[in-house]
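For reference, the structure is listed below as structure tokens.
The values are calculated or read from the model by the stated rules, or taken from the named source; none is laboratory data. Keep in mind that what you see is a predicted model, and the values were worked out from it rather than measured. Quick reminder, even Gly has a Cβ in these numbers, built from the backbone with ideal geometry, and neighbours come from all protein chains shown. Quick note on the areas: whole protein, heavy atoms, side chains included, nothing else; ligands and nucleic acids left out. Shrake-Rupley method; radii C 1.70, N 1.55, O 1.52, S 1.80 Å.
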Amino acid sequence: MVEVPLTIACGNYDRTRPIIDGRVKVEGCAVTYLPLYPEEIFFRTFRYQEFDVAEMSFSSYLRTVAAGTSAYVGLPAFVSRIFRHSGIYVRADAGIRTPQDLRGKRIGLPEYQITAVVWMRGLMQHEYGVSPNEISWRSGGQEEPGRDERTPLKPIPGLDLKPIGKDQTLVDMLRHGELDALFTARAPSSFLAGEPHIVRLFPDTRAAEKAYYQKTRMFPIMHLIGIKKTLVQQYPWLVTSVYKAFLEAKALAMIDLCDVNALMVTLPWLEAETKETMAIMGKDFWSYGIHENSAEIEALAQYAFEQGLIDRKLKAEELFATATFEISKV
């Protein structure tokens, strides 16, 4: 049998590692797996469509689908998801003690469209009543100058959004008082270095995020998997083969979290942490699937629409391959 060559670009996660190391096969395919960082994958995927299967920013994918330009169709394998209270950083002397204090402030972000900050703005608006239009947004490179939006962004009515200078960085601007806060997925180098001017808006992020989950029952989705439409047209069976592989790989990762014979993760109280998480969020706390994640999918589509990133609210049927809505069971 001749196997279909397939290039997968995705992070090196515990939930994808079984595909990388060959424990999980993609049926009918000869896989080349490129374990890259998300920023590089997204840039190369949305600009140049380099990969057959790719980890994708959910918000950028929403934008391409709404615009009718997406070269990929989505699979509900949500390889990256994280609560984003921890991604809001403020100057210690900016008088920001509560989310409401962000009104009228200058907030930096790497890109207006990245999924992490879409969730953060949705959190601010729906949980704390702070609208994106009440903030002055400044976009650009966090650590290196010259970053732009990965897909073109039209002007959004009523929104104060401007790029920073080509030789500026968000970290330096916050350090020098030219910004009051940062919304970002990646911890700023200044925060990691313990510089005294920068702190988190939510000092106890774990407590804030647990309370958010208990109220909303949502675990924010950041990234999904996309597969090229041209490949799906040529090999319709690829959708199920690829999706099954990601499901199986994630299932193996969940088993490893509960293995106390020899810890698979460099964390001494791994079993206790896993059990506590399951007590709050259920056994399948990192779920894949459309029906299992309908609240998160609907919320992100709503936030993207409210924030001016898409001109209409998208439905799941437009986002995911038909074959992933229901898969066979033994």
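Of all residues in the stretch 90-134, which are basic (Lys, Arg) and over 19 Å from the mean Cα position of the chain (by Cα)?
Of the stretch 90-134, the ones basic (Lys, Arg) are 91, 97, 103, 105-106, 121.
Once the filter is applied, which keeps residues that are basic (Lys, Arg) and over 19 Å from the mean Cα position of the chain (by Cα), the stretch 90-134 yields 91, 97, 103, 105, 106.
Exactly one condition in (1) open to solvent by 60 Å² or more (accessible area, probe 1.4 Å); (2) among the charged types (D, E, K, R); (3) over 26 Å from residue 296 (Cα atoms) is false for residue 138; which is it?
Only one criterion in (1) open to solvent by 60 Å² or more (accessible area, probe 1.4 Å); (2) among the charged types (D, E, K, R); (3) over 26 Å from residue 296 (Cα atoms) is unmet by residue 138, namely (1).
May I ask you to verify whether residue 121 is open to solvent by less than 40 Å² (accessible area, probe 1.4 Å), in contact with a Pro (Cβ under 6 Å, 6 or more places away or on another chain), farther than 18 Å from residue 93 by Cα and of a type in the set (D, E, K, R)?
Details: open to solvent by less than 40 Å² (accessible area, probe 1.4 Å): yes; in contact with a Pro (Cβ under 6 Å, 6 or more places away or on another chain): yes; farther than 18 Å from residue 93 by Cα: yes; of a type in the set (D, E, K, R): yes.
Yes; evaluated as a whole, the condition is true for this residue.
Quick check on the stretch 306-320. Is at least one of its residues in a helix (DSSP H, G or I) and loosely packed, with under 14 Cβ neighbours inside 10 Å?
Here is the first cut: in the stretch 306-320, the residues in a helix (DSSP H, G or I) are 306, 316-319.
Cutting the leftovers down to loosely packed, with under 14 Cβ neighbours inside 10 Å gives us 317.
Yes, that holds for at least one residue.
Each row is one residue, and each column tells you yes or no for (1) modelled with pLDDT under 95; (2) open to solvent by less than 50 Å² (accessible area, probe 1.4 Å); (3) touching a Phe, Trp or Tyr at 6+ places or on another chain (Cβ under 8 Å); (4) under 14 Å from residue 108 (Cα atoms).
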position	(1), (2), (3), (4)
170	no, yes, no, yes
176	no, no, no, yes
179	no, yes, no, yes
184	no, yes, yes, yes
194	no, no, no, no
198	no, yes, yes, yes
202	no, yes, no, no
205	no, yes, yes, no
209	no, yes, yes, no
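Can we say residue 148 is more than 17 Å from residue 220 (Cβ to Cβ), at pLDDT 95 or above and open to solvent by 10 Å² or more (accessible area, probe 1.4 Å)?
Values: more than 17 Å from residue 220 (Cβ to Cβ): yes; at pLDDT 95 or above: no; open to solvent by 10 Å² or more (accessible area, probe 1.4 Å): yes.
Against the criterion (more than 17 Å from residue 220 (Cβ to Cβ), at pLDDT 95 or above and open to solvent by 10 Å² or more (accessible area, probe 1.4 Å)), residue 148 does not qualify.
I need a count of the residues in the stretch 75-118 that are within 22 Å of residue 143 (Cα to Cα) and open to solvent by less than 10 Å² (accessible area, probe 1.4 Å).
The total comes to 16.
As an exercise: evaluate residue 265 against (1) more than 30 Å from residue 31 (Cβ to Cβ); (2) part of a loop (DSSP other than H, G, I, E, B) and give the number of the one condition it does not meet.
The one condition residue 265 does not meet is (1).
For the stretch 17-48, give me each residue that is outside any helix (DSSP H, G or I), open to solvent by less than 70 Å² (accessible area, probe 1.4 Å) and among the hydroxyl-bearing types (Ser, Thr, Tyr).
Of everything in the stretch 17-48, just one residue is outside any helix (DSSP H, G or I), open to solvent by less than 70 Å² (accessible area, probe 1.4 Å) and among the hydroxyl-bearing types (Ser, Thr, Tyr), namely 33.
Restricting the stretch 1-14 to residues that are farther than 21 Å from residue 73 by Cα and in contact with a helix residue (DSSP H, G or I) (Cβ under 7 Å, 6 or more places away or on another chain), which is least open to solvent (accessible area, probe 1.4 Å)?
14
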